Amino acid sequence: MHGIYPAAVITAVVAALAWGALLKQLADPADRRWLLLLVVLGLPLSVTAFYAMRLPLRAVVAQVLGDETAAMTAYRLCEAPLTEEPAKLAPLLTLLIPAFRGRLTRRNVVPVTLALGLGFGIGEIFLVAQFVAASGKHGDLPIYAFGGFFNERLIVCMTHAGFTVWSLLALQRSMRLLPFGLLAAMALHFAANFPIFLMNIEFGGISSGTWAVLVQVWILLFLVGTAAKLTYLHFGPEEFARLFWGRARCPSCQTIYQRPLFMALNWGVKRYERCPACKHWHWIDARDNVAPTELLHDGSKSNPSQD
């Protein structure tokens, strides 16, 4: 068996555990069953978008533009955004079911988009694995040689949500705004994919190996930007600032302290960190951060020496 397949299974499991844990943290308990349904419904959509939408549409467009023309090249750059962004929204047809009607609200837009991105992204892991196996290359490589595949596919599960959130923000406000949200999602998707085209043509005389590194950096930047954007959209400006620059109250000694930038383990919106006063380690939920001016339980200000 080609080594890409067990690598794909491991990647899918890690993606489900990592991004699924974040989704559970952000979601209201009442929405969790519906969000799980969205993830499950999204699993086959990558394959469906490719074989039922992308390839048939490509054949039609090629007859008009020609197979090897500049116009066809430009079209192929737009294929993924044009077909995948509408496909990712298909699970939202569950909103037509009476039990789920009205479930999409401004409060849960980010959890919903995470569910859609996760389901679509996990399905895409196996689609890409199929492409790698069908290429006839790398079949003799061990499973640990597919680290690049693992990292990229894990990141893409999140960046898919970063594209689709604009469609959901528009849809939540008005069905009439959905085309504008879709257009924004497609544009962002195109921007994320464009450096791959530059790598394939070795743009600027830069070797494909160097471009591969640049593409990985670009993808990481998109991940950071997506995480920051979704956090901001979910929590709002004040809570967003508090998440990153607020202080925590120690569950043991009740001391308010400045949260450490390092020496902490992040898990979604939770961090395992050490209180500088009592020296105990605790899981602290970033949503429980306190404002810098908040008072201690006895009415005194937090100790400046602990800032």
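Can you confirm whether Thr94 is open to solvent by less than 40 Å² (accessible area, probe 1.4 Å) and either without any contact (Cβ under 8 Å) to a residue 60 or more places away in the chain or of a type in the set (Asp, Glu) (or both)?
Spelling it out, it is not the case that Thr94 is open to solvent by less than 40 Å² (accessible area, probe 1.4 Å) and either without any contact (Cβ under 8 Å) to a residue 60 or more places away in the chain or of a type in the set (Asp, Glu) (or both).
For Ala87, indicate whether it is aliphatic (A, V, I, L, M), in a helix (DSSP H, G or I) and farther than 23 Å from Pro29 by Cβ.
yes
Quick check, is Phe120 within 25 Å of Leu57 (Cβ to Cβ) and surrounded by fewer than 19 Cβ atoms within 10 Å (Cβ to Cβ)?
Against the criterion (within 25 Å of Leu57 (Cβ to Cβ) and surrounded by fewer than 19 Cβ atoms within 10 Å (Cβ to Cβ)), Phe120 does not qualify.
If a residue must be open to solvent by less than 30 Å² (accessible area, probe 1.4 Å) and assigned to a helix (DSSP H, G or I), how many such residues does the range 26-42 contain? Let's see the steps before the verdict.
Applying the first criterion (open to solvent by less than 30 Å² (accessible area, probe 1.4 Å)) to the range 26-42 yields 26-27, 31, 34-35, 38-39, 42.
Checking the rest, the ones that are also assigned to a helix (DSSP H, G or I) come to 26, 31, 34-35, 38-39, 42.
The number of residues fulfilling the criteria is 7.
Just the residues that are open to solvent by less than 40 Å² (accessible area, probe 1.4 Å), in contact with a strand residue (DSSP E or B) (Cβ under 7 Å, 6 or more places away or on another chain) and either assigned to a strand (DSSP E or B) or more than 30 Å from Leu188 (Cβ to Cβ) (or both), please, taken from the range 225-259.
Across the range 225-259, the qualifying residues are Arg247, Ala248, Cys250, Ile256, Tyr257, Arg259.
Glu85 is checked against (1) surrounded by fewer than 16 Cβ atoms within 10 Å (Cβ to Cβ); (2) under 17 Å from the mean Cα position of the chain (by Cα) and fails just one. What number does that condition carry?
(1)
The values are calculated or read from the model by the stated rules, or taken from the named source; none is laboratory data. Small disclaimer: the values here were computed from a predicted structure and weren't measured. Don't worry about glycine lacking a Cβ; one is built from the backbone with ideal geometry, like all the others, and counts go over all protein chains shown. With ligands, DNA and RNA removed, areas are computed over all heavy atoms of the protein, side chains included. Shrake-Rupley method; radii C 1.70, N 1.55, O 1.52, S 1.80 Å.
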